[in-house]
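K.L.:
This structure is in structure tokens; I'll ask about it shortly.
The values are calculated or read from the model by the stated rules, or taken from the named source; none is laboratory data. Note that the structure is predicted; figures quoted are calculated from it, not measured. Every residue, glycine as well, gets a Cβ built from its backbone with ideal geometry; the counts of neighbours run over all protein chains shown. When the accessible area is computed, the model is the full protein with side chains, heavy atoms only, and any ligands, DNA or RNA have been set aside. Shrake-Rupley method; radii C 1.70, N 1.55, O 1.52, S 1.80 Å.
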Amino acid sequence: MVQLRLMTDEKDRGEDVLAVLLPLLNACTALQASEPTRLSHRGGGLRVVLDVQLAGAPTVTVERDDASTGTYTRSGGPPARRPRARRALPPAG
């Protein structure tokens, strides 16, 4: 995943840049951008994150199954892989 981050201590200036950047990204046929996620900024500035991928790249949706079977469902892209189980450490002594 590729992320674009817009970060500044000047919130108004960041909003102005974001207002120009979003239409450009949305108009670009070679890229697909997610909706911007606004992060908190202690100093009152602006922090925004966008996920960007190449257009035509497979979109992957992952669903979690909380049943004890530990199965995973995935649509699009390569087949899902189950995480490897970690071996327990030997008892101390």
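K.L.:
In the stretch 44-93, what residues are open to solvent by 50 Å² or more (accessible area, probe 1.4 Å), modelled with pLDDT of 80 or more and outside any strand (DSSP E or B)?
P.N.:
If the condition is that a residue be open to solvent by 50 Å² or more (accessible area, probe 1.4 Å), modelled with pLDDT of 80 or more and outside any strand (DSSP E or B), then Gly56 is the only one that fits.
K.L.:
Give the stretch 25-39 a look and list any residue that's outside any strand (DSSP E or B), open to solvent by 80 Å² or more (accessible area, probe 1.4 Å) and under 13 Å from Arg5 (Cα atoms), or say none. It would help to see each step written out before you state the result.
P.N.:
Taking the stretch 25-39 first, the residues outside any strand (DSSP E or B) are 25-30, 34-36.
This time we only want the ones that are open to solvent by 80 Å² or more (accessible area, probe 1.4 Å), so: 26, 29, 35.
Selection gives Glu35 alone.
K.L.:
Would you mention how many residues in the stretch 1-24 are of a type in the set (Gly, Ala, Ser) and either open to solvent by less than 60 Å² (accessible area, probe 1.4 Å) or touching a residue at least 12 places away in the same chain (Cβ under 8 Å) (or both)? Give the steps one after another, and end with the answer.
P.N.:
Looking only at the stretch 1-24, we keep the residues that are of a type in the set (Gly, Ala, Ser), and these are 14, 19.
From the residues that got through so far, the ones that are either open to solvent by less than 60 Å² (accessible area, probe 1.4 Å) or touching a residue at least 12 places away in the same chain (Cβ under 8 Å) (or both) too are 14.
Going through the stretch 1-24 one residue at a time, the tally reaches 1.
K.L.:
Met7 passes all but one of (1) part of a loop (DSSP other than H, G, I, E, B); (2) of a type outside the set (Phe, Trp, Tyr); (3) at pLDDT 75 or above; which number fails?
P.N.:
(1)
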